[in-house]
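Note sheet for the following structure.
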Amino acid sequence: MRFFPALFPALLLACAVNARAATSPTLSDIAYGPDADQRYDFYRPAEGDRAPLILMVHGGGWRRGDKDAARVVDNKVDRWLPRGIAFASVNYRMQPKAPPLEQARDLARALADVQHRAQKLGIDSDNIVLMGHSAGAHLVALLAARPDLQAAAGARPWRGSVLLDSGALDVPAIMNARHLRLYDRAFGGNPAEWTAASPFQQLGTTTAPILAVCSSRRDDACPQARAFVGKAVALGGRAEVLVEDKTHGEINYRLGADPDYTAAVEGFLGSLSPRLAERLR
């Protein structure tokens, strides 16, 4: 992996924008755990009960970011709520409070909570899609690869996973090469911990279908996406890579606004179930 020192501040800026989302959630700060960071916002579509749900996990280098950042929420909500698809955006405990593996456990707890509240929220618990950007994509992939984390939280299977430009799907490969400092802060110096928090190494069985979106402008993102998808397919799962000529940040905030890119992601979403396909016509 080639190293670009100038990328580091830009990468964090793209993952973690402090601006508040312009779109207001239907319900704010729903607690799924005792910590103040274990909260999610819920956006309900105007029409239709038992709505499919996209559960979004923000990025930010495992240390920063927020569920109500405009780049995380606005274009996606503006696109999918009018189509009868609900949206939830999750916060989780950040480093140094919680390492990535604990953050994946938080995501499992959030998913379980959403599934438990499905009737009250008016969503279809059989049509939930997990979506994450950057560090959030790593957490979604890690949860998909670790059925034990799902089971411990009481979470049930979900329809599919959309990984928006994670470059951290094979953590040992990153740590054993020249890499950005943010990975040292995230994963530490213990190879056993790298493996435990690495989606590629942990993936050992079929999982829900996966779409791995990657930026062609980053050297590490697409090779890692292809390797992870290749392993998922070899295990009998359904997975695919979508290569986009966009920056790391654009892959997040242009989703819902860029017609061709959005259509490609929606093609995957619509393939997951008849209900999702119907809403995306």
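Each value in this text was obtained by applying a stated rule to the coordinates, not by laboratory testing. In this text, all values refer to a predicted model and were calculated from it rather than measured experimentally. Note that we place each Cβ from the backbone using ideal geometry, even for glycine, and neighbour counts take in every protein chain shown.
Place the peptides 125-136, 65-76 in order of packing, highest mean first, counting for every residue the other Cβ atoms within 10 Å and averaging per peptide.
Order by mean packing, descending: 125-136, 65-76.
When the chain is fully extended, how far beyond the present Cα-Cα distance does His116 get from Arg281, taking 0.36 nm per residue of separation? Write down the numbers at each step before the final one.
Numbers: separation 165, 0.36 × 165 = 59.40 nm, distance 2.84 nm.
Residue separation times 0.36 nm, minus the Cα-Cα distance, leaves 56.6 nm.
Per residue of region 104-112, what does 6.51 cos²θ - 1.76 cosθ + 1.60 with θ = phi - 60° give for ³J(HN,Hα)? Whole Hz please, x for Gly and Pro, Karplus curve as stated.
5, 5, 4, 4, 4, 5, 5, 4, 4
Take Asp245 and Ala264, extend 7 Å from each Cα along the Cα→Cβ direction, and tell me the distance between the two endpoints in nm.
According to this spin-label approximation, the distance is 1.1 nm.
Could you check how many percent of all C-alpha pairs in region 112-246 are farther apart than 27 Å? Provide the component values of the computation, followed by the final result.
Working: 1821 of 9045 pairs.
The proportion of pairs with Cα distances above 27 Å equals 20 percent.
To the nearest 500 deg cm²/dmol, what mean residue ellipticity at 222 nm is calculated for the chain from DSSP H runs of n ≥ 4 alone, each contributing -39,500 (n - 2.57), summed and divided by the residues? Could you put the intermediate results ahead of the total?
On the way: 14 runs with 119 residues, N = 281.
Calculated mean residue ellipticity at 222 nm is -11500 deg cm²/dmol.
Amide H neighbours of Val243 under 5 Å, counting only residues 5+ apart in sequence or on other chains, H built in-plane at 1.01 Å?
Sorted by chain and number, the residues that satisfy this are Cys214.
Could you work out the percent of alpha carbon pairs in the chain separated by over 29 Å, rounded to a whole number? Before the final figure, lay out the partial values.
Numbers: 9152 of 39340 pairs.
Across the chain, Cα pairs with separations above 29 Å total 23 percent.
Using the per-residue mean of other Cβ atoms lying within 10 Å as a proxy for protection, in what order, highest first, do the peptides 159-171, 175-187 fall?
Working: 159-171: 26.3, 175-187: 16.2.
Going by the mean number of other Cβ atoms within 10 Å, highest first, we get 159-171, 175-187.
Could you give the dipole magnitude of region 143-232 about its Cα centre, charging the beta-carbon of Lys and Arg +1 and that of Asp and Glu -1, in debye to the nearest 20?
Rounded to the nearest 20 debye, it is 180 debye.
Which of the GluC sites (Glu not before Pro) found in region 189-281 are loop residues per DSSP with 16 or fewer other Cβ atoms within 10 Å of their Cβ?
Details: sites: Glu193, Glu240, Glu244, Glu250, Glu266, Glu278; in loops: none.
Here no GluC sites (Glu not before Pro) fit, given the DSSP loop and packing criteria.
Looking only at the chain, where both bridge partners belong to it, what percent of the DSSP beta bridges are antiparallel (to the nearest 5)?
Numbers: 8 of 34 bridges.
Among the beta bridges of the chain, antiparallel pairing accounts for roughly 25 percent.
³J(HN,Hα) across region 160-166 via Karplus (A = 6.51, B = -1.76, C = 1.60, θ = phi - 60°), whole Hz, x for Gly/Pro?
x, 10, 10, 9, 8, 6, 8
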